[in-house]
Amino acid sequence: MSIPGFGNIEQVNDEISNISITIPEGNEWRIEVPFNKILKLKVVSGILEINGTELANNVQLQFSGTKTFLYSPVSDSVVEYSLVDNKDDLSLVSSLDEGFLEYLSDDSNMNSIVNLHMYLESKRQLTKDFNFSSGVEQQQSGPRVMIIGSKASGKTSVLKTLVSYANKMNSTPILVNLQPRDGVFALPGSLTATPISDFFDIESCNGYGFTTTSGTLLHNPKQPVVKNFGMVDFNDNLDLYKLMIEKLGITVLSRLDQDLNIKNSGIIVDTPPLNLKNFDVIESIVSNFLIDHIIVVGNERLAIELNKKFAHKLNQLSIIKLSKLSGCVDVEDKFIRLQQEQTIKEYFNGNFKTRLSPFKTDIELLGLKIYKNILTQDLISQMAFLPAGDDFEKDENSREEDEDDKELAKYYLALDEPNSSNLDNSIVAITHLSNADKKIGRDLLNTSVMGYIHVSKFDDEKKRLKILLPFPGVFPKNVLISTNIGYSE
């Protein structure tokens, strides 16, 4: 508490500098907030949404490092806001950071997205009615939707809106993120599948929210299934990427069979920017998740070509065109990297309203099994030095083990002698695979991620790692995967 007359100066300045803006019905208030600023706002009157998530009235919200829009769907709405310096994150941002930008626009695609939602909701209702009157063996799944499009087309905004609207209708769709650049209820470099039973935490860095490993939350904690890819560009190891899609698809389809509400709600899949050159990836996603609706955002030619490519199954697959969201802007690589760093920071430390207490400790290397993601270009270089031929004296079991090792070697390298050069300032995934397993093989490709640690320093002499854990506790003796995601505290 502050003594009257000697209150918090920042709060006084906020009150003085508050600006009021009216957002007409059907309009968007588009904002771009740099990382060195915090936008504090509250809805004074009316109804406003961010990507389908409704904002509470007279509750202050904070945003930093974001480019988004507030949509007023049914009536004129009034917002009050102020802009203050972000003292926590100035160290992350150079002096070249762009300033705050805001403007109103009546050029909105939200009516098209609402119509798309109502179409998908009708499919869910038909599925619910059918499953209610049929036996377990005949039960069907709700719409399995895949959203694709070019860079900066608005795919992720469409995904968030469709998931949020489905949740408002008491559905629990599985949100599948196949864009490894984004950390969706996980850290960057991951592919995830998460049943959404609550609204998104729009004040978190990426607008999704925290995970179950993040402690006590204002929202229901999300429980994602996480597959490690370990890189931010799916082209870095395309074979591993498609393999992780296959493994995640098996898990998601199995989850549909275990929960009728989730089965009725279906799946919504977000993807990296894809075009016709990536048709093998598109085909892999369609087959592994049994996709029956492809929504193509902002790329009419791609929609036409996909109609031709999937002509043999158009009775089972609907391809829907959606215009590019008019408010989308190109995002610089620097901005993306800062978002990734903020996502990692939130995972360990929380944010302004949910403070977490990460645990720093030292652990011995002895007894740890650590693997490293392999870039395809590095694998090609290694294969040039491998001996040719086969050993015909090996028995059948040995050959099976060799095949497992060869399969694993395409994706992961065992770090028999880890050192500071390959572990310092890295994000390491803790798998569900126990260290006690003598033979790893394909089990490493099938396992999921339990959580993450940050290795700040590896002591080459003492063979000890300085690590940061999300919370105190005994370090699990599980197999570790050192990702290509770097981070410095």
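Taking the criterion of being crowded, with 19+ Cβ neighbours inside 10 Å and of a type outside the set (Gly, Ala, Ser), the residues of region 125-157 that qualify are 127, 143, 144, 145, 146, 147, 148, 155, 156. A single entry from 49, 25, 102, 32 fulfils the requirement of being farther than 22 Å from residue 207 by Cβ, charged (D, E, K, R) and not assigned by the TED database to the domain that holds residue 265: 25.
If you take the residues in region 306-348 that are in a helix (DSSP H, G or I) and among the aromatic types (Phe, Trp, Tyr), which one is modelled with the lowest pLDDT? Filtering region 306-348 for residues that are in a helix (DSSP H, G or I) and among the aromatic types (Phe, Trp, Tyr), the one modelled with the lowest pLDDT comes out as 335. Only one of the numbered conditions (1) closer than 25 Å to residue 331 by Cβ; (2) at pLDDT 90 or above; (3) not acidic (Asp, Glu) is violated by residue 43, and that is (1). Remark: pairs (first residue in region 172-185, over 12 Å from residue 268 (Cβ atoms); second residue open to solvent by less than 10 Å² (accessible area, probe 1.4 Å) and of a type in the set (Gly, Ala, Ser); Cβ separation under 7 Å; 6+ apart in sequence or on different chains) = 180/189; 180/190; 183/190. Could you tell me whether residue 265 is more than 18 Å from the chain's Cα centre (by Cα) and surrounded by 21 or more Cβ atoms within 10 Å (Cβ to Cβ)? Criteria met by residue 265.
With a requirement of 1 or more residues that are without any contact (Cβ under 8 Å) to a residue 40 or more places away in the chain, the strands (runs of 3 or more DSSP E) lying completely within region 33-128 that satisfy it span 37-45.
Collect the residues in region 284-305 that are part of a helix (DSSP H, G or I) and open to solvent by less than 30 Å² (accessible area, probe 1.4 Å), keeping them in residue-number order. Within region 284-305, 284, 285, 286, 302, 303 qualify. When region 165-198 is limited to residues that are open to solvent by 10 Å² or more (accessible area, probe 1.4 Å) and part of a helix (DSSP H, G or I), the one that is nearest to residue 120 (Cα to Cα) turns out to be 165. When 123, 67 are screened for being over 26 Å from residue 341 (Cα atoms), at pLDDT 90 or above and basic (Lys, Arg), only 123 passes. Of the residues examined, residue 232 is not one that is of a type outside the set (D, E, K, R) and modelled with pLDDT of 95 or more.
The values are calculated or read from the model by the stated rules, or taken from the named source; none is laboratory data. All values reported here derive from a predicted model rather than from experimental measurement. Using ideal geometry, Cβ is built from the backbone for each residue, glycine included, and neighbour counts are taken over all protein chains shown. Surface accessibility is based on the protein's heavy atoms, side chains included, excluding ligands, DNA and RNA. Shrake-Rupley method; radii C 1.70, N 1.55, O 1.52, S 1.80 Å.
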